[in-house]
Amino acid sequence: MERYGIPGIVPEDGMPPEMAAMLLERTDDTPTITEKDVERGIDLLTRYKRGKGNLESRVVNDELWWELRHWEGIGQSKAKLVDKSGKEVLSSPPQPKPTSAWLFNAIQNKHADAMDNYPEPVVLPREKSDEQSARTLSQILPVVQEYNHFDQVYSDNWWEKLKHGTAVYGVFWDSKKDNGLGDIEIRDIDLLNLFWEPGVQDIQASEHFFSTELVPDHRLLREYPQLEGKLGRGGGAQVSRYLYDDRVDTSDRSLVVDWYYHTEVNGQPVLQYCKFVGETVLYATENDPAYAERGWYDHGKYPFVFDVLFPEEGTPCGYGYVDLCKSAQKQIDLMNQAILKNALAATTPRFFIRSDGAVNEEEYADWTRPFVHTNGNLGADSIAPIRVPTLDGVYVAILQNKVAEMKETAGNRDVMSGGTAGGVTAATAIAALQEAGGKLSRNMIDDGYEAFSQVVTLCIELVRQFYSVPRQFRLLGRGAEREFDLFDNGGLQPQLMELGGYRVPEFDLEVAAQNETPYKTMEYNQLALQLFQMGFFRADMAEQALRCLDLMEFRNKDQLAAVIRQGRQRTQQVEWLQGQLMTALRLLDARQGSQLAEELAREMGGAESGGELNSGGLRTPDAGAGALDTMERTRQRSREAVRPR
């Protein structure tokens, strides 16, 4: 397609003459992306930066609240005291500025809930022929995440999500990994370094997308020698001043811009990529014949995933707990300041002294001197203490109400931190309160799983595109022995169909919590023991146990049902073999007059106490007298050990 100006924009009818002349002069060796295109990209970046100004101001201010430096944001740290003449004087003693950490504690508890439910991907096939590929991907993707230290990335992004309301994952292909073989790279991205079209709800709907980073000049010169003499000037340096705080020394760094946009090739959108510094193009897919028509990534999406806490209309970002609770935190600290000022005034002795009084002020103020000199008679009005009125209890009640408001607003009640309300001591009652109070965290974590699914989907697409060479993986399984396997993208490529055409293997994702707390482990163990006591694993009760499982819902239920079916099948096979053996021995006893069948039945069934002989001549166990008591005790322990989700 013909194009000019900003990449991806189709010219309208009536092309300007100068643009038509430029296209006529362009040869096959002329790069598609030139410095003029970069200039237009810088203009776009500047416009996107202006549209994102309010968000950046809010993020910077939220960080002050997180660092307990919110008095700078409140403004009282810059207040000046002046005397009657207008001259500035220093306050003595300085104003107390208490910084209570109620907001910090709320965010910390939410972060702990998120990390207790660290996600694990399970890849499900959409067709039976893709089962093996899905099974292998389920084992390989956690290894890829482990190589990228994804647990740390996940933790850091949850801090950002809780503080600012938005966390961003970047999913890229790093061709330098594994000694040039290349592999997937997953990292957290600073929201201040990303720019998109103002007003879009989904970043994939943005016409252009920019990711910026300040890189040391010496590193750029080592990788791109053509930048000699071009760093530190041009459009890049001007844009960098918008992105970083003035206190950060960026004199020896240059702004590197990653520019993503879409073009159309054969009617299909293609993701293009341009990397530039200042006005110098470092790389552009449209200038590379290998990627000009194919695009940077085959999936055609911007390689960024936004994880939003509380969404807003008209922006891909949201707001977090700092924005939600900083009003209550501000009022709590202001009330604490007023109470502390009153307490300091009441505990600091101060006196009224007449200007013509006869008391020696220095000696009176020095509590170590036993004698204070006076001139003349000491009148009752020569010196008098300043009495500070005591604060009424209603102000303390207001402070406590604000703290309670903070806890209710953030969903961070005492029971979620292990505390209990007055009068609640039973384990089941505490568990019920935690279960009811944890629904906010569960909803928040489920939303985070959606973003995690998008990250895993991008990883699968990168595997489909770049894993052309088989590579060795250590599979993460539950077995004691380590397993290794070779994997490539052969099973993910388009497959020829019998009726013609091609089919691209597609997969669904199921996300489950990988890490379990001791409470959850205890719950699983108690449930397994309870099912054992109920006879779920008895072969003669297999049919009833399977029907009961159909009405139940818990983790690994399908695995338990498979175990019961296998046990029933094996028991049936053993009983059939035993019956055949007993029949053969009875025939032998009838011919020889021996008692082999009776002896065999006695040996095989003697270990069981009670019960009756089955059709094969073996004894079946019956329930003991204390079975019900044991089962009841197990149920009681299970109820007391329920883990709050």
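The values are calculated or read from the model by the stated rules, or taken from the named source; none is laboratory data. Because the structure is predicted, anything quoted here is derived from the model rather than measured. All Cβ positions, glycine included, derive from the backbone under ideal geometry; neighbour counts span all protein chains shown. These accessible areas exclude ligands, DNA and RNA; they are computed on the full protein's heavy atoms, side chains included. Shrake-Rupley method; radii C 1.70, N 1.55, O 1.52, S 1.80 Å.
Ranked from largest to smallest solvent-accessible area, with a 1.4 Å probe on the protein heavy atoms, 406, 115 come out as 115, 406. Taking only the Cα atoms of the range 260-334, the radius of gyration and Dmax are 20.4, 63 Å. Rolling a 1.4 Å probe over the protein chains gives residue 538 an accessible area of about 90 Å².
Note on residue 543 and residue 566: the model spin-label points, each 7 Å out from Cα along the C-beta direction, lie 2.4 nm apart.
If R0 is taken as 25 Å, the Cβ-Cβ distance between residue 128 and residue 474 corresponds to a FRET efficiency of 0.35. A probe of 1.4 angstrom, applied to the heavy atoms of all protein chains, finds residue 319 with accessible area near 80 square angstrom. Taking all protein chains as they are arranged and a probe of 1.4 Å, the heavy atoms of residue 354 leave approximately 100 Å² accessible to solvent. Neighbours of residue 493, meaning other residues whose beta-carbon lies under 13 angstrom from its beta-carbon, give a summed charge of -3 when Lys and Arg score +1 and Asp and Glu score -1. Site pair residue 294 and residue 35 shows an inter-label distance of 3.1 nm when each label is modelled 7 Å from Cα along Cα→Cβ.
When the residues 582, 541 are ordered by accessible surface, computed with a 1.4 Å probe over the protein chains alone, the sequence from largest down reads 541, 582.
With both labels modelled 7 Å from their Cα along Cα-to-Cβ, the residue 532 to residue 173 distance reads 5.1 nm. Quick check: net charge around residue 68, other residues with Cβ under 14 Å of its Cβ, Lys/Arg +1 and Asp/Glu -1? Local charge sum for residue 68: 0.
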